[in-house]
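**Student:** Structure incoming, see below.
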Amino acid sequence: MTSTLSPARSEVKVAPGFPGMKVTQARVINSEFTKFRSLRSTNITLLVSVVLTIGLGALISGLTASHWATTSAADRATFNAVFTSVRGVTFSQLAVGVLGVLLISGEYATGMIRASLTAVPKRLPVLWAKLLVFTGVVGAVSIASAFAAFFLGQSLLSSKHLGVSISSPDALRMVVGAGVYLVLVGIIGMALGALLRNTAAGISSMVALLFVIPPVLSLLPKSWSDTVGPYLPSNAGEAFWGHTTDKHLSALAGLLVLCAWTAAAVAAAAIRLKKQDA
Amino acid sequence: MIEVSGLTKRYGDKTAVNDLTFKVLPGIVTGFLGPNGAGKSTTMRVIAGLDEPTSGSVLVNAGDYRHAQVPMAELGMLLEAKAVHTSRSAYNHLLALAQTNGVPRSRVSEVIDLVGLREVARKRAGGFSLGMGQRLGIASALLGDPQTIVLDEPINGLDPEGILWVRNLLKGLAAEGRTVFISSHLMSEMALTAHHLIVVGRGELIADVDVEEFVAMASTNVVVVRSPQAGELRGLLLGPDVTITSKEAEVLEVRGVSVEAIGDLAFDHQIRLHGLELQQASLEDAFMEMTRDSVEFHAHTTNDNHTEAPARLAQTAGDRR
Ligand SMILES: Nc1ncnc2c1ncn2[C@@H]1O[C@H](COP(=O)(O)OP(=O)(O)OP(=O)(O)O)[C@@H](O)[C@H]1O
Ligand SMILES: [Mg+2]
């Protein structure tokens with residue numbers, strides 16, 4: 001039956017591939033952008049984060065304005081117009097974090113990661129490209145929606161003459177900071193997705209990190225929560241984008257602490273990606 | 001060309017591949033056979049650089065694939081488990097892969113046409129049938145016009161037309177001088193497609209031979225002899241490595257003696273023959289015989305055709321390891 005097969009072991013010369021083929025970081029970035037934009041779940045999650053940032057900011061600003069007459073003097077004293085308008089970020093961070101997790105855990109769940117890593121066997125360029133595309137797209141969207149939330153919020157607050165302009169003290173820091181915070185949280189989500197390789201595990205750790213550990217820590221003795229608390233990602237984040245009266249870290253220190261968290265998570269993710277079987 | 005040398009891969013205390021050494025040569029289709037859990041997919045994942053060998057090494061086109069400059073021109077891979085994001089369209093899946101290596105965009109449409117997925121290229125890959133998924137996997141393997149093609153069970157789930165198409169495709173790719181390495185459990189198809197075979201069992205090499213040779217090695221090759229003097233002939237043929245069975249009078253089924261030897265023997269002893277015919281084993285028979293004691297996962301049926309495994313046969317397979 002095999003007589004029809006010529007044992008053509010003498011190699012016929014083929015020139016495989018196409019002219020100019022080669023893996024470059026720029027090409028992998030381009031590929032990751034294609035992947036990012038071609039998933040509906042990615043776009044929906046991103047849209048949810050936008051809606052939460054702007055919608056909740058507007059809601060909180062509107063409610064603050066309409067209840068201003070009955071607001072206590074103490075609450076009036078801690079009121080900050082900028083923070084009020086971008087506060088939706090404390091909720092949209094979950095959507096952005098989930099988006100980060102999904103972008104990587106989704107590839108493990110479906111097996112796509114094996115195709116991605118077979119095409120780019122050096123592996124790390126894939127992670128860098130994902131981080132870059134995420135930072136670019138989510139950074140632009142998050143900062144833009146923080147600005148939108150700010151302007152919408154201020155226009156609602158100005159009905160009670162509470163609104164401030166973008167040139168008022170700390171306004172730019174808080175608005176841009178809120179967008180930057182979202183990106184950093186999302187990158188931590190990506191790192192968790194790469195470390196855990198599982199969507200459910202990644203999202204639960206994201207929730208634990210942002211919403212469970214901070215309140216649990218505040219139940220511990222004050223000496224504990226005071227020394228550790230400010231260094232938690234969410235609290236360090238609020239130090240640079242929020243308005244907390246009893247800040248333990250300066251805005252710059254908060255940014256550096258959150259960047260350190262992010263860098264550590266990314267480093268761990270990179271090591272696992274490079275060293276372990278896909 | 002793929003060179004696997006002393007490859008061992010353990011997962012915890014499970015040894016999936018044990019000291020495996022073989023070469024897959026360009027210009028022919030090489031089949032990769034072995035019972036379930038024999039280590040075929042594991043070996044293929046190591047070839048693609050996805051799993052790190054515990055010891056030993058693998059070279060693809062004489063280089064380490066993990067450091068390839070143009071990976072998709074070196075190796076095209078179809079993995080057993082679907083490696084496709086279920087929510088992405090086939091077109092975007094292929095486009096994203098093509099972009100990493102700078103494969104021209106026109107090639108994406110070309111492979112989509114080649115595998116016959118034009119109509120569904122813009123649909124979610126998650127909705128594809130098994131066969132459509134296989135076609136998409138084959139399309140991604142061919143995307144970079146690779147020198148070496150490794151396909152894990154490519155014809156699984158394909159319709160007869162698809163199987164024929166894959167057979168011709170693989171033969172064509174090999175004829176162009178490429179290295180083609182495919183695993184499959186469909187023996188009849190392997191017999192038609194492959195020229196050479198690598199057979200593994202429990203992670204170890206059982207055979208590294210051409211298909212014809214492999215089939216010839218099988219002791220299930222039977223010579224059917226018809227003779228009015230069957231009883232007399234039987235006495236002359238009996239020997240230590242010979243098995244003779246007889247289902248009807250005047251007919252002997254002889255294993256372990258060649259057609260020529262039987263003919264000559266009959267002539268020398270003036271025994272009249274009315275029929276002398278070699279019934280060659282199929283690849284499937286040969287495979288079953290060679291891997292019988294390497295099968296980890298046995299199905300138990302009351303009507304097992306292969307329970308009459310003579311100890312000698314198992315010995316043959318054992319010696320080969
Ligand atoms: N990631 C893993 N972790 C643990 N064990 C594994 C892993 N991958 C494979 N194995 C084990 O290694 C052995 C070889 O598996 P492999 O999938 O390579 O076999 P196979 O020859 O492809 O089988 P099949 O014909 O069923 O596809 C099996 O016992 C399997 O359970
Ligand atoms: Mg397998």
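**Student:** Give the residues of the stretch B:270-293 that are out of contact with any strand residue (DSSP E or B) (no Cβ under 7 Å at 6 or more places or on another chain) and modelled with pLDDT of 85 or more, sorted by residue number. Full working, then the answer.
**Tutor:** From the stretch B:270-293, those out of contact with any strand residue (DSSP E or B) (no Cβ under 7 Å at 6 or more places or on another chain) are B:270-272, B:280-286, B:288-289, B:292-293; that's our starting set.
B:270, B:271, B:272, listed by residue number.
**Student:** Among the residues of the stretch B:62-81, what is the count of those that are among the aliphatic types (A, V, I, L, M), at the interface with chain A (Cβ under 7 Å from one of its Cβ atoms) and outside any loop (DSSP other than H, G, I, E, B)?
**Tutor:** Total meeting the criteria: 3.
**Student:** Based on what the data block shows, is residue B:95 farther than 19 Å from residue B:166 by Cα, open to solvent by less than 30 Å² (accessible area, probe 1.4 Å), away from ligand 1 (no atom under 16 Å from the Cβ) and modelled with pLDDT of 95 or more? Talk me through it step by step, then tell me what you get.
**Tutor:** Numbers: farther than 19 Å from residue B:166 by Cα: yes; open to solvent by less than 30 Å² (accessible area, probe 1.4 Å): yes; away from ligand 1 (no atom under 16 Å from the Cβ): yes; modelled with pLDDT of 95 or more: yes.
When the stated conditions are applied, residue B:95 passes them.
**Student:** Taking the condition of being within 18 Å of residue B:107 (Cβ to Cβ), within 13 Å of another protein chain (Cβ to nearest Cβ) and charged (D, E, K, R), how many residues in the stretch B:118-141 meet it?
**Tutor:** 1
**Student:** Wholly within the stretch B:133-204, which strands (runs of 3 or more DSSP E) include no fewer than the required count, namely at least 2 residues that are farther than 24 Å from residue A:15 by Cα and open to solvent by less than 20 Å² (accessible area, probe 1.4 Å)?
**Tutor:** Ranges flagged: B:196-201.
**Student:** Tell me which residues, restricted to the stretch B:5-17, are more than 16 Å from ligand 2 (Cβ to nearest atom) and in contact with a Leu (Cβ under 9 Å, 6 or more places away or on another chain).
**Tutor:** Listed by number, the residues that qualify are B:5, B:6, B:8.
**Student:** Mind listing just one residue for me: the one in the stretch B:142-157 that is within 13 Å of chain A (Cβ to nearest Cβ) and within 16 Å of ligand 1 (Cβ to nearest atom) and, of those, farthest from residue B:69 (Cα to Cα)?
**Tutor:** Filtering the stretch B:142-157 for residues within 13 Å of chain A (Cβ to nearest Cβ) gives B:142-152.
Okay, now just the ones that are also within 16 Å of ligand 1 (Cβ to nearest atom), so B:150-152.
Details: B:150: 19, B:151: 22, B:152: 24 Å.
Per the stated criteria, the residue is B:152.
**Student:** Given the criteria modelled with pLDDT of 95 or more and either away from ligand 1 (no atom under 16 Å from the Cβ) or part of a loop (DSSP other than H, G, I, E, B) (or both), does residue B:16 qualify?
**Tutor:** The answer is no for residue B:16.
**Student:** Restricting attention to the stretch A:106-143, and to residues there that are within 7 Å of chain B (Cβ to nearest Cβ) and hydroxyl-bearing (Ser, Thr, Tyr), which single residue is surrounded by the fewest Cβ atoms within 10 Å (Cβ to Cβ)?
**Tutor:** So the residue we want is A:110.
**Student:** A further question follows. Looking at the stretch B:82-103, can you tell me whether even one residue there is within 16 Å of ligand 2 (Cβ to nearest atom) and not in a helix (DSSP H, G or I)?
**Tutor:** Checked against the condition, which is being within 16 Å of ligand 2 (Cβ to nearest atom) and not in a helix (DSSP H, G or I), the stretch B:82-103 yields at least one hit.
**Student:** Here's something else I'd like to know. Restricting to the stretch B:205-227, name every residue that is open to solvent by less than 10 Å² (accessible area, probe 1.4 Å) and not β-branched (Val, Ile, Thr).
**Tutor:** B:207, B:214, B:218, B:227, listed by residue number.
**Student:** Those residues that are surrounded by fewer than 13 Cβ atoms within 10 Å (Cβ to Cβ) and of a type in the set (Val, Ile, Thr), I need them from the stretch A:33-70; list them, please.
**Tutor:** Matches in the stretch A:33-70: A:44, A:70.
Residues checked against (1) modelled with pLDDT of 95 or more; (2) buried (at least 18 other Cβ atoms within 10 Å of the Cβ); (3) more than 30 Å from residue A:278 (Cβ to Cβ):
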residue	(1), (2), (3)
A:196	yes, yes, no
A:209	no, yes, no
A:217	no, no, yes
A:222	no, no, yes
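**Student:** Listed residues B:46, B:60; which is closer than 20 Å to residue B:146 by Cβ, more than 16 Å from ligand 1 (Cβ to nearest atom) and in contact with a strand residue (DSSP E or B) (Cβ under 6 Å, 6 or more places away or on another chain)?
**Tutor:** Among B:46, B:60, only B:60 is closer than 20 Å to residue B:146 by Cβ, more than 16 Å from ligand 1 (Cβ to nearest atom) and in contact with a strand residue (DSSP E or B) (Cβ under 6 Å, 6 or more places away or on another chain).
**Student:** A further question follows. Please tell me if residue A:109 is farther than 26 Å from residue A:257 by Cβ, touching a residue at least 60 places away in the same chain (Cβ under 8 Å) and out of contact with any Gly (no Cβ under 9 Å at 6 or more places or on another chain). So that I can check it myself, show each step before the final result.
**Tutor:** Numbers: farther than 26 Å from residue A:257 by Cβ: yes; touching a residue at least 60 places away in the same chain (Cβ under 8 Å): yes; out of contact with any Gly (no Cβ under 9 Å at 6 or more places or on another chain): yes.
Spelling it out, residue A:109 is indeed farther than 26 Å from residue A:257 by Cβ, touching a residue at least 60 places away in the same chain (Cβ under 8 Å) and out of contact with any Gly (no Cβ under 9 Å at 6 or more places or on another chain).
**Student:** Same structure again: Pull up the stretch B:31-76, narrow it to residues that are more than 16 Å from ligand 2 (Cβ to nearest atom) and polar (S, T, N, Q), then point me to the one that is most open to solvent (accessible area, probe 1.4 Å).
**Tutor:** First, the residues of the stretch B:31-76 that are more than 16 Å from ligand 2 (Cβ to nearest atom): B:49, B:52-76.
Checking which are polar (S, T, N, Q) leaves us with B:54-55, B:57, B:61, B:69.
On the way: B:54: 69, B:55: 54, B:57: 53, B:61: 42, B:69: 97 Å².
So the residue we want is B:69.
**Student:** What are the pairs, 6+ residues apart or on separate chains, where a residue within the stretch B:178-204 that is under 22 Å from residue B:141 (Cβ atoms) and within 12 Å of ligand 1 (Cβ to nearest atom) has its Cβ under 8 Å from a residue that is among the acidic types (Asp, Glu) and open to solvent by less than 10 Å² (accessible area, probe 1.4 Å)?
**Tutor:** B:183/B:152
**Student:** May I ask you to say which residue of B:138, B:182, B:149 is within 16 Å of ligand 2 (Cβ to nearest atom) and of a type in the set (Val, Ile, Thr)?
**Tutor:** B:182
**Student:** While we're looking at this one, here's another question. Looking only at helices (runs of 4 or more DSSP H) that lie completely in the stretch A:64-165, which have at least 2 residues being of a type in the set (S, T, N, Q)?
**Tutor:** A:81-86, A:89-110, A:112-119, A:124-157
**Student:** On to the next question. Look through B:33, B:25 and report the one residue that is within 16 Å of ligand 1 (Cβ to nearest atom) and in contact (Cβ under 8 Å) with a residue 60 or more places away in the chain.
**Tutor:** After applying the criteria, what remains is B:33.
**Student:** Sticking with this structure for a sec: Can you name the condition, by its number, that residue B:9 falls short on among (1) away from ligand 1 (no atom under 16 Å from the Cβ); (2) assigned to a strand (DSSP E or B); (3) within 11 Å of another protein chain (Cβ to nearest Cβ)?
**Tutor:** (1)
**Student:** Within the stretch B:81-92, can you find the residues that are under 29 Å from the mean Cα position of the chain (by Cα) and buried (at least 22 other Cβ atoms within 10 Å of the Cβ)?
**Tutor:** B:83, B:84, B:85, B:90
**Student:** With the structure loaded, tell me whether residue B:79 is within 29 Å of residue A:102 (Cβ to Cβ), of a type in the set (A, V, I, L, M, F, W, C) and touching a residue at least 60 places away in the same chain (Cβ under 8 Å) or whether it fails that test.
**Tutor:** yes
**Student:** Check every one of the helices (runs of 4 or more DSSP H) wholly within the stretch B:210-272 and list those with 1 or more residues that are in the same structural domain as residue B:25 (by TED's automatic domain parsing) and without any contact (Cβ under 8 Å) to a residue 40 or more places away in the chain.
**Tutor:** B:211-217
**Student:** I need the full set of residues from the stretch B:56-76 which are in contact (Cβ under 8 Å) with a residue 40 or more places away in the chain and not hydrophobic (A, V, I, L, M, F, W, C), in order please.
**Tutor:** Once the filter is applied, which keeps residues that are in contact (Cβ under 8 Å) with a residue 40 or more places away in the chain and not hydrophobic (A, V, I, L, M, F, W, C), the stretch B:56-76 yields B:56, B:57, B:61, B:71, B:74, B:76.
The values are calculated or read from the model by the stated rules, or taken from the named source; none is laboratory data. Here the structure is a predicted model, which means the values were calculated and not measured. Every residue, glycine as well, gets a Cβ built from its backbone with ideal geometry; the counts of neighbours run over all protein chains shown. For accessibility, only protein heavy atoms count, side chains too; no ligands or nucleic acids. Shrake-Rupley method; radii C 1.70, N 1.55, O 1.52, S 1.80 Å.
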